[in-house]
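Have a look at the structure below before the remarks.
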Amino acid sequence: MENALNDPLAQAVPPAAYLPDHPIFETDLYIPKYMDGRWGDWEIRTAKLVLDHGYHTGMWMVRDLAVLLKHGKSGTTLPDSWMSPSAHEIESQELGCRNAFGHTVIMGLGMGWCAINSALNPAVEKVTVIELDPVVIDLVAEMDVIAQAPPEAGDKIRVIHGDALNWEPDLPVDFLYADIWRSLAESGTLDQMRRMQSNIKASQIYFWGQELIIYNEAVRQWPDLAVVDNAYIKKCIDEVIDLPLLIPSGQDYGAMIERIVQNRHSRGLPLER
């Protein structure tokens, strides 16, 4: 999870009279209800109002934000934020939900809202979710996250305890959607995607932070490239990345990637780790 604050729950939003003049973030995606609690190393906490930076937009205020946190084994450090339906998280994952189709495989259950919104897509027939940590599966089940979804979506979803890097499907996969990382563009992300695809052989892929990977690979391949436009995106995917990555239609994907990169620069965040 990479939003404007390393731990959004650690920084209280000031009283209304002192709030910055930022709009309230809203989405048409389905967001389940979550309850605060602790499950082993995992915890869900809710903040009433959080200041968050979008993935490709500006600053937002987010109401009633539930955050999935993971505690360290020592118990002496602050927990790490892993996922939430924040402005940054939704903007950086919604292309996967909105473009899923056929038999969609999702690597990483997280808080379950990505699986639900993929299943709500009428182009999706079946959603298979692979999750490594059984405690995450248990907490999502205990909160009836999938059960909250409309039946036509919930009935499409099955959750399997497994390792994203080794799991092989029993049915052909049309769309692979992966988010198994805590931070964007972690070292080894592209190699891990290639390993997943070698097992799954999906017709199309989308993974969290692929925009940064595309940009980084394009700049490495063509150092004098001024703008990573749509033509270079396709060229980079075909010739360098060599995976059937989603290029969303009906929008200027190159301009979106430029905004994402500019946001990272303006916030002093790395383009890769």
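Observations on the model:
- Only one of LEU65, LEU78, LEU69 that is buried (at least 21 other Cβ atoms within 10 Å of the Cβ) and not assigned by TED's automatic domain parsing to the domain that holds ILE260: LEU65
- Residue match in the stretch 80-101 (condition: closer than 24 Å to GLU168 by Cα and of a type in the set (Val, Ile, Thr)): no
- Across the stretch 219-237, a minimum of one residue is classified as crowded, with 20+ Cβ neighbours inside 10 Å and in a loop (DSSP other than H, G, I, E, B).
- Inter-residue pairs, beta-carbon under 9 Å, first of a type in the set (Lys, Arg) and in the stretch 242-259, second crowded, with 17+ Cβ neighbours inside 10 Å and part of a helix (DSSP H, G or I), 6+ apart: none
- Counted residues, the stretch 143-190 - those being within 25 Å of LEU120 (Cβ to Cβ) and in a helix (DSSP H, G or I): 8
- The stretch 170-184, residues that are more than 17 Å from the chain's Cα centre (by Cα) and crowded, with 16+ Cβ neighbours inside 10 Å: VAL173, ASP174
- PRO248 being modelled with pLDDT of 95 or more, within 20 Å of ARG98 (Cα to Cα) and surrounded by fewer than 14 Cβ atoms within 10 Å (Cβ to Cβ): yes
- Those residues of the stretch 196-218 which are part of a helix (DSSP H, G or I), closer than 24 Å to ASN166 by Cα and touching a residue at least 60 places away in the same chain (Cβ under 8 Å), in sequence order: MET196, ILE200
- Filtered by the rule that a residue be more than 18 Å from the chain's Cα centre (by Cα), closer than 28 Å to SER266 by Cα and either crowded, with 19+ Cβ neighbours inside 10 Å or among the hydrophobic types (A, V, I, L, M, F, W, C) (or both), the stretch 32-59 gives ALA47, LEU49, VAL50, LEU51, MET59.
- Screening TRP113 against (1) under 27 Å from MET196 (Cα atoms); (2) touching a strand residue (DSSP E or B) at 6+ places or on another chain (Cβ under 7 Å); (3) modelled with pLDDT of 95 or more; (4) not polar (S, T, N, Q) leaves a single unmet condition, (2).
- Residue count for the stretch 185-197 under the criterion of being surrounded by 21 or more Cβ atoms within 10 Å (Cβ to Cβ) and modelled with pLDDT under 95: the result is 1.
The values are calculated or read from the model by the stated rules, or taken from the named source; none is laboratory data. Every value quoted in this text rests on a predicted model; they were computed, and no experiment measured them. Using ideal geometry, Cβ is built from the backbone for each residue, glycine included, and neighbour counts are taken over all protein chains shown.
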